[in-house]
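Enquirer: Sharing a structure with you now.
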Amino acid sequence: MNNYGESNGDSNVHKKKIEGNDHCENGDGSDNGVILGVDGGATSTVCVCIPLFSSSKTLAYPLPVLGRAVSGCSNHNSVGENAARDTLEEVMAEALSKSGSDWSAVHAVCLGVSGVNHPTDQERILNWLREIFPSHVKLYVQNDAVAALASGTMGKLHGCVLIAGTGCISYGFAEDGREARASGAGPVLGDWGSGYGIAAKALTAVIRAHDGRGPQTMLTNKILKALSLSSPDELIGWTYADPSWARIAALVPEVVSCAEACDQVATKILVDAAQDLALSVKAVVQRLHLCGEDGNGSFPVVMVGGVLEANKTWDIGKEVVKCIQEQFPGAHPITPQVSIDSLFVLEAFISQ
């Protein structure tokens, strides 16, 4: 995927390294103005607003957040283009309002949004942003996986990131700037290691058990109770009444609970999910040769998303790492210590 940016005709605003002491200067040299950073996913969208610093000031860490807002899904593949656009506009407006600023104060906007998988996706968002912001405002649009990687490596775009939340994707950068991705194609095309994929398989297992095509499972009672339903037949109406990805993915804790109680069906679903997630990382690592000539080279694997952060006895993230390190012993798992949205703000900041 290309690095997407737009700034007064300059399309190369992406930086390969985010340095903590970098600073910038806006067009008139003043300190008035703000920068917006947005992290948009299939479950939630976060926008933060930070002040614009002049070149005489050093970038502070942690970033001085003036306003922060949270809204729903902004992945156009999940909710449609109009709803995604409305969400992004609303969350930016709320962050600006909380910061005491308005649209005229914005000098740069940086969006990391799931569903940005092709230049046409990026162009669509850039065109919409240009309807809101005047030409001097610098714009940056990228898939949210790039921000997730930067959040674990403190800005150095090297290594691999695995996101497993409502959806899943693996994305990586080689030292020479080459990029590769795997998964991230959405539920219809098989992101089976994602929260949606896990929960969808669980719902399928309940239906199969009910009609005699599959083994009995604790998932039946567990899921029906969680949804306040009395029969597996009611799952059909519940599922198709609102087949949003996040709504279905919310059932993952029920699957983990059943696996911890040694339910074989639930356990197999989680084992398969861990293997699928590890496979997406392996695909990126092999395409970019991150492991070196001998296969033992060291590289970071940033782990992001609710599926990998369950903190339960049945730890999906730990199983994924185990699968990865069996083939790539030099893989170094990292749990980010900085928020994704703040890193995207930082990228917008140094792009000035």
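The values are calculated or read from the model by the stated rules, or taken from the named source; none is laboratory data. Quick caveat: nothing in here was measured; it's all calculated off a predicted structure. Methodologically, a virtual Cβ is constructed for each residue, glycine included, from the backbone with ideal geometry; neighbour enumeration extends over all protein chains shown. Just the protein is used for accessible areas: all its heavy atoms, side chains included, with ligands, DNA and RNA removed. Shrake-Rupley method; radii C 1.70, N 1.55, O 1.52, S 1.80 Å.
Enquirer: Kirkwood hydrodynamic radius (Cα pairs, Å) of region 174-268?
Expert: 14.3
Enquirer: Using label points projected 7 Å from each Cα along Cα→Cβ, tell me how many nm separate Trp128 and Arg287, to one decimal.
Expert: Roughly 2.6 nm, to one decimal.
Enquirer: Report, in cubic angstrom per residue, the convex hull volume of the C-alpha atoms of region 142-199.
Expert: Residue-normalised Cα hull volume stands at 72 Å³.
Enquirer: Something else: Can you give me the long-range amide H partners of Val113? Hydrogens built in the peptide plane at 1.01 Å from N, cutoff under 5 Å, separation of 5 or more residues or another chain.
Expert: Excluding prolines and chain starts, which carry no amide H, the hits are Gly40, Gln142, Asn143, Asp144.
Enquirer: How much of the accessible area of region 200-287, probe 1.4 Å, is carbon plus sulfur, in whole percent?
Expert: Its accessible area is 55 percent carbon and sulfur atoms.
Enquirer: With a 1.4 Å probe and all protein chains left in place, how much accessible area per residue does region 225-311 have, in Å²?
Expert: Per residue, region 225-311 has 49 Å² of solvent-accessible surface.
Enquirer: Using alpha carbon coordinates only, what is the Rg to Rh ratio of region 91-227, with Rh defined as the Kirkwood radius?
Expert: My calculation of the ratio gives 1.12.
Enquirer: So if we plug the beta-carbon distance of Lys225 and Lys322 into 1/(1 + (r/R0)^6) with R0 = 30 Å, what FRET efficiency do we get, rounded to 0.05?
Expert: My answer for the efficiency is 0.45.
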